[in-house]
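Step one of this worksheet: look at the structure below.
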Amino acid sequence: MAVRKVRVPRSVEMVEILGHYDRKARLIRKKFNVEITLIDDEIWIRGKDEKMVSAASDVFKELIESTRDGHLISWDEFQYIVDKYSEKGEKPKLLEYERSSVLGMRVRPKTEGQKIYMDAIKKNDIVFAIGPAGTGKTYLAVAMALDYLRSGKVQRIILTRPAVEAGEKLGFLPGDLMEKVDPYLRPLYDSIMDMIPPDRFYSYREKGVIEIAPLAYMRGRTLNNSFIILDEAQNTTYHQMKMFLTRLGFNSKVVITGDITQLDIEREKSGLIECQKILKGIEGIEFVYLGEEDVVRNPLVKKIIKAYEEYEKSGEMEK
């Protein structure tokens, strides 16, 4: 019988580690086939499989470390960590890079793919992040942008995306320009205000430190000392992508995100698809591909993505 002990520091609430009504402990028992006993400030893990006992112990250590750092792990995050350990029965790569962070300890990569993505942003002037919904493409890019702004590496953040659905009909929509395009830019607002207080965001907007605008308003500009994010890039045309990429000025960083499985324009016209062939191999430009294993939303999202992929591969959609 293998036994491991994990001590919980006094600064960490036991309920955050074991869960309300021991909910987290019950899932760990089930996933790793171990016995869990609390003795004073120690969690005792017992089981027949040494690897599973060790993995369960590392899950508790991960929970303690994150909680002590001020990051309260949600149930979905907890399930993700447990799945990562239980699939391999050993310490996953997650722990090797979980301590890397932006904005203090609030935003961190949660998968190997996300870590590769964040490292690519640090090393390159232009990064393309291509992957399905829920892989953190936009969220992590915004977090990196805010961190670069805070540290003085850039002077402003520019967020843009194509307002494809509006097209030529923008002029017929009620309100001024921002009211017309606001629905298409709302996901970018949400990402930012999840990381900084709303009053600071609006102050940055008024001062031009953060600019959110439709892609069409990038034409003719040279963007220096900026962190620029193009979201929903799968809906850009060949000419729009070329126009956007040539806006890059000095001391700037560009991140382009998109999901080529969710096109609102004809596939052969997508600038994101074309640029993968055109820009491949150019130094300073990197393409990062995220997959269903990088989805960190509700676990159902991963299942939905997989179901759609299987359906599309089956050819049933074309019948």
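The values are calculated or read from the model by the stated rules, or taken from the named source; none is laboratory data. All of these numbers come straight from a predicted model, not from anything done at the bench. So basically every Cβ, Gly included, is an ideal-geometry build from the backbone, and we count neighbours across all protein chains shown. Note: areas computed on protein heavy atoms with side chains; ligands, DNA, RNA excluded. Shrake-Rupley method; radii C 1.70, N 1.55, O 1.52, S 1.80 Å.
Above 22 Å lies some portion of the pair distances; for segment 1-76, what is it as a whole percent of all C-alpha pairs?
Everything past 22 Å amounts to 16 percent.
If I model a spin label at Tyr238 and Glu77 as a point 7 Å from the Cα along the Cα→Cβ vector, what separation in nanometres do I get?
Simple spin-label model gives 4.4 nm for this pair.
What list of ³J(HN,Hα) values in whole Hz, one per residue of segment 119-127 in order, does the Karplus curve 6.51 cos²θ - 1.76 cosθ + 1.60 (θ = phi - 60°) give from phi, with Gly and Pro shown as x?
5, 4, 4, 5, 8, 10, 7, 10, 10
Can you give the Rg to Rh ratio for segment 186-313, taking only C-alpha atoms and Rh from Kirkwood?
0.99
Expressed in nm to one decimal, what extension gain is obtained for the pair Lys5 and Glu266 from 0.36 nm per residue of sequence separation less their Cα-Cα distance?
88.2 nm
Select from segment 112-165 those chymotrypsin sites (Phe, Trp or Tyr not before Pro) which occupy a DSSP coil region and have at most 15 other Cβ atoms within 10 Å, ordered by residue number.
none
Would you please give the residues with an amide H less than 5 Å from that of Ala129, counting only those at least 5 places away or on a separate chain, with H modeled from the backbone geometry?
Residues meeting the amide H criterion: Ile256, Thr257, Gly258, Val288.
Accessible area of Ile157, 1.4 Å probe, to the nearest 10 Å²?
0
Quickly rank 226-237, 241-252, 274-285 as a protection proxy: mean count of other C-beta atoms within 10 Å, highest first.
Most protected by this proxy first, the peptides run 226-237, 241-252, 274-285.
How long is the gain from Glu292 to Arg200 if the chain were fully straight, where each residue apart is worth 0.36 nm and the alpha carbon distance is subtracted?
Full-extension gain reported as 29.7 nm.
Using r as the Cβ-Cβ distance of Glu112 and Gln155, and R0 as 35 Å, what FRET efficiency do you calculate, to the nearest 0.05?
Here the calculated transfer efficiency is 0.60.
Highest mean first, how do 109-115, 2-8, 306-312 rank when packing is the count of other Cβ atoms within 10 Å averaged over residues?
109-115, 2-8, 306-312
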